[in-house]
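J.: Take this structure, written in structure tokens, and hold onto it; I'll ask about it next.
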Amino acid sequence: MINILWDLDGTLVDSIPAVASSFNHVLKEYGLPTRSHDELRPYIGPGLDNIIAELLNIEEAEEIAAAKAIYRTYYEQILRTSEPFQGVVEALEQFKSIGAQQFVATAKYEQYARWIIEANDLKQYFSGIYGSTIDGKYADKRELLTRLFEQENLRKADTVMIGDTKFDMEAGRYIDIATTGVLWGYSDETSLKAAGAHDIVKTPAELFEVVKKALNTFC
């Protein structure tokens with residue numbers, strides 16, 4: 001059984017408009033200058049606690065929690081506007097057609113991931129959706145993939161992680177599975193290669209053949 005682990009933000013859906021708008025809402029609430037999408041792009045991927053702490057230059061857990069609450073109240077109103085990248089649905093359909101198991105593996109709060117997947121009518125493609133808890137547990141993708149493997153009892157040689165950031169590649173390497181980096185998201189080829197990507201693709205149309213080859217190599 002082939003298992004495909006998909007990152008969400010920057011891989012399945014273009015979430016930068018909603019996420020950037022939410023970060024800028026928090027910055028304005030704290031009297032700080034807003035930032036462009038390009039400036040906020042590097043913040044997509046790691047856990048929300050780390051992003052908030054860095055953006056606002058705060059360290060205390062209570063301060064971070066308060067800022068997160070502001071972010072989430074705003075983000076929950078617009079998160080469903082994040083739509084799949086062009087060609088992603090076709091790639092999901094290709095993997096489904098050969099009986100592959102597909103999972104979402106994201107550092108995002110799991111309920112938010114579910115809402116986004118459901119809003120875009122993508123639930124039919126996934127055997128499971130894995131994300132972090134409300135308190136940030138499993139925001140570290142290495143821990144998330146460990147949990148996913150334990151719960152789903154997957155075979156590593158049959159599994160590939162598809163993502164757009166170093167966090168996806170590092171997590172895949174950590175769990176010792178094949179990794180495929182994508183260039184339509186929020187990172188770049190240099191960062192993906194440095195993080196250990198086994199393969200890199202420019203478009204979703206390339207994924208099917210590249211993943212098949214990668215899993216044959218790892219078997």
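The values are calculated or read from the model by the stated rules, or taken from the named source; none is laboratory data. All values derive from a computational prediction rather than experimental measurement. Neighbour counts run over all protein chains shown; Cβ positions are idealised from the backbone, glycine included. Calculation scope for accessible area: heavy atoms of the full protein, side chains included, ligands and nucleic acids excluded. Shrake-Rupley method; radii C 1.70, N 1.55, O 1.52, S 1.80 Å.
J.: Kindly establish whether GLN94 is over 16 Å from the mean Cα position of the chain (by Cα) and closer than 21 Å to ALA205 by Cα. Break it down into steps so the answer makes sense when it comes.
T.: Details: over 16 Å from the mean Cα position of the chain (by Cα): yes; closer than 21 Å to ALA205 by Cα: yes.
Yes; evaluated as a whole, the condition is true for this residue.
J.: What number goes with the only condition from (1) open to solvent by less than 10 Å² (accessible area, probe 1.4 Å); (2) small (Gly, Ala, Ser); (3) more than 24 Å from SER82 (Cβ to Cβ) that GLY181 does not pass?
T.: (3)
J.: Now, a different point. Could you tell me which numbered condition ALA66 fails, if it satisfies all but one of (1) without any contact (Cβ under 8 Å) to a residue 12 or more places away in the chain; (2) in contact with a strand residue (DSSP E or B) (Cβ under 9 Å, 6 or more places away or on another chain)?
T.: Condition (2) is where ALA66 drops out.
J.: Considering GLN94, GLN86, which residue is in contact (Cβ under 8 Å) with a residue 40 or more places away in the chain, open to solvent by 20 Å² or more (accessible area, probe 1.4 Å) and assigned to a helix (DSSP H, G or I)?
T.: Numbers: GLN86 fails: assigned to a helix (DSSP H, G or I).
Within the list GLN94, GLN86, the selection yields GLN94.
J.: Filtering the stretch 105-137 down to residues that are outside any strand (DSSP E or B) and modelled with pLDDT under 95, which residue is nearest to VAL89 (Cα to Cα)?
T.: Taking the stretch 105-137 as the starting set, the residues that turn out to be outside any strand (DSSP E or B) are 110-127, 133-137.
Narrowing the set further to residues that are modelled with pLDDT under 95 leaves 133-137.
Details: THR133: 27, ILE134: 28, ASP135: 31, GLY136: 29, LYS137: 29 Å.
Result: THR133.
J.: If I filter the stretch 62-74 for residues that are of a type in the set (Ser, Thr, Tyr), open to solvent by 20 Å² or more (accessible area, probe 1.4 Å) and more than 15 Å from the chain's Cα centre (by Cα), do I get at least one hit?
T.: First, the residues of the stretch 62-74 that are of a type in the set (Ser, Thr, Tyr): 71, 73-74.
Filter once more, keeping what is open to solvent by 20 Å² or more (accessible area, probe 1.4 Å): 73-74.
Those still in the list that are more than 15 Å from the chain's Cα centre (by Cα) too: 73-74.
Yes - at least one qualifying residue is present in the stretch 62-74.
J.: May I ask you to list the residues in the stretch 160-192 that are under 21 Å from LYS212 (Cβ atoms) and either outside any strand (DSSP E or B) or out of contact with any helix residue (DSSP H, G or I) (no Cβ under 8 Å at 6 or more places or on another chain) (or both)? Give the derivation first.
T.: Let us first name the residues in the stretch 160-192 that are under 21 Å from LYS212 (Cβ atoms), namely 160-164, 168-169, 172-173, 175-184, 192.
Result: ASP164, ASP168, MET169, GLY172, ARG173, ILE175, ASP176, ILE177, LEU183, TRP184, LEU192.
J.: Could you identify the single residue in GLU206, GLU170, GLU189, GLU150 that is of a type outside the set (Val, Ile, Thr) and touching a residue at least 24 places away in the same chain (Cβ under 8 Å)?
T.: Numbers: GLU206 fails: touching a residue at least 24 places away in the same chain (Cβ under 8 Å); GLU189 fails: touching a residue at least 24 places away in the same chain (Cβ under 8 Å); GLU150 fails: touching a residue at least 24 places away in the same chain (Cβ under 8 Å).
One residue alone meets the criteria, GLU170.
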